[in-house]
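Input: a single structure, listed below in structure tokens.
The values are calculated or read from the model by the stated rules, or taken from the named source; none is laboratory data. This is a predicted model, so every value here is computed, not measured. Positions of Cβ are backbone-derived with ideal geometry, glycine not excepted, and every protein chain shown enters the neighbour counts.
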Ligand code: SF4
Ligand code: SF4
């Protein structure tokens, strides 16, 4: 036994290993085709969306999808979300989360592998890289060799192309926040604001660094999803799996050895060619089992199927499969699949419940909303004539396209009178207010009443707001404060 601590520590495996750049190889196959198709559809949708128009009437943006922070409103086709309805965004996020839970429970990280913007942009960047610098082997060879003028030129071209894509894609996101044709006009005429320019630069640089440099690190270390996706999956989830019961033991293919002889030697269908690992965008070996880094892109399936075809063996040595099916196959039993199971049924029910709740609450939302806020300081003012005055802020959110007239009266304190900002200073018992369409009208209302009409320090007071055209007849309870 070696008791020398220095010698013992030198025998310890290193706790950290330096990162090896992942250089994925190109691959052809059905999953790759699907990934290209999704990429094209998503990119076209992304580019086209800000240019779609949606008639909402005069004076209101006709951009189909617009996150109008200046106007404090989100437009998504027929849906309009005002600041006071921001909870719809929360519901939308909950809905998206449940969809993600359901797809993960059914098919593992299919979102990550096929639809996540990080994956799509990384795919696009890798395609450009391959086009300019060649496929995996050529890139590795070039990276290991000393820098030459040709290599420098190729890398410069690649980064130029990446930056162009970054500005054309990341920068494009800005059109979701401003009226797209107006913004283009401002860009052409040079009258775009500094904030917009900064935003375009930030968004573009994010794409450049995330897709060009960080790549698989984003999925492995920065994204929280891999950390808790295992909670959504179970032994019935269809995930990219290496069928070890068929592939092991692995060993190189020898022409002199038939498949029967190979089997007799304890070898399986895996010829240890490494093709599945070489095409993997995160650089892992799926034969080591389900791993956090696996984004479920299924490119290893395409690579292995190609190898199986070439060596005359049945495909799907790597396939979308469940853990239970693998265990059954390893035991020589027929696998069973259960897409509908308690977990997926619960997610589906949740999806339905949230969806129905969102649609009904949106359909039944109040298009005219009144809110009343009493001044906190001062609580009351003693006027020269002996009257007591309290101040209130009355807000009328008119989400309709029509102007409405409102009548405001008071209940609970006899003799209480009102004055509103911008109107005659003579106190009245009935206020007539107008709220313009598609806006929030704010009125400053002061209520005055003789001291003797108050019940004490705090007297209940009710504002009654009526509008025949807006269909409103509501009472708002508050308190009138006195000495
Ligand atoms: S192991 Fe296969 S499915 Fe997972 S990330 Fe790599 S190539 Fe994609
Ligand atoms: S591609 Fe298939 S045969 Fe080649 S190493 Fe991977 S699992 Fe084995």
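Before moving on, here are some points about what is shown:
- For residue 88, the stated conditions do not hold, so it cannot be described as surrounded by 18 or more Cβ atoms within 10 Å (Cβ to Cβ), modelled with pLDDT under 95 and part of a loop (DSSP other than H, G, I, E, B).
- Odd one out for residue 262 among (1) under 28 Å from residue 129 (Cβ atoms); (2) without any contact (Cβ under 8 Å) to a residue 12 or more places away in the chain; (3) surrounded by 15 or more Cβ atoms within 10 Å (Cβ to Cβ): (1)
- Restricting region 459-479 to residues that are assigned to a loop (DSSP other than H, G, I, E, B) and in contact with a strand residue (DSSP E or B) (Cβ under 6 Å, 6 or more places away or on another chain), the residue that is surrounded by the fewest Cβ atoms within 10 Å (Cβ to Cβ): 469
- If the condition is being under 18 Å from residue 245 (Cβ atoms) and either touching a helix residue (DSSP H, G or I) at 6+ places or on another chain (Cβ under 7 Å) or in a loop (DSSP other than H, G, I, E, B) (or both), then region 308-319 contributes 313, 314, 315, 316, 317, 318, 319.
- Condition check for residue 400: farther than 21 Å from residue 90 by Cβ, modelled with pLDDT of 85 or more and in contact with a strand residue (DSSP E or B) (Cβ under 9 Å, 6 or more places away or on another chain): no
- So residue 456, is it within 15 Å of residue 380 (Cβ to Cβ) and touching a strand residue (DSSP E or B) at 6+ places or on another chain (Cβ under 7 Å): no
- Residue among 294, 276 that alone is near ligand 1 (Cβ under 7 Å from one of its atoms), over 27 Å from the mean Cα position of the chain (by Cα) and either buried (at least 17 other Cβ atoms within 10 Å of the Cβ) or assigned to a helix (DSSP H, G or I) (or both): 276
- Residues satisfying the stated conditions in region 297-307, i.e. assigned to a helix (DSSP H, G or I) and either closer than 25 Å to residue 121 by Cβ or modelled with pLDDT under 95 (or both): 299, 300, 301, 302, 303
- Annotation: of all residues in region 279-291 being within 11 Å of ligand 2 (Cβ to nearest atom) and in a loop (DSSP other than H, G, I, E, B), the one that is farthest from the chain's Cα centre (by Cα) is 285.
- Within region 208-227, the presence of at least one residue that is assigned to a loop (DSSP other than H, G, I, E, B), crowded, with 19+ Cβ neighbours inside 10 Å and within 16 Å of ligand 1 (Cβ to nearest atom) is confirmed.
- Qualifying residue in region 229-247 (condition: away from ligand 1 (no atom under 16 Å from the Cβ) and within 20 Å of the chain's Cα centre (by Cα)): yes
- Within region 280-291, restricting attention to residues that are touching a strand residue (DSSP E or B) at 6+ places or on another chain (Cβ under 9 Å) and more than 6 Å from ligand 1 (Cβ to nearest atom), the residue that is modelled with the lowest pLDDT is 290.
- Any hit, region 336-352, residues being within 16 Å of ligand 1 (Cβ to nearest atom), under 30 Å from residue 95 (Cα atoms) and either assigned by TED's automatic domain parsing to the domain that holds residue 275 or surrounded by 14 or more Cβ atoms within 10 Å (Cβ to Cβ) (or both): no
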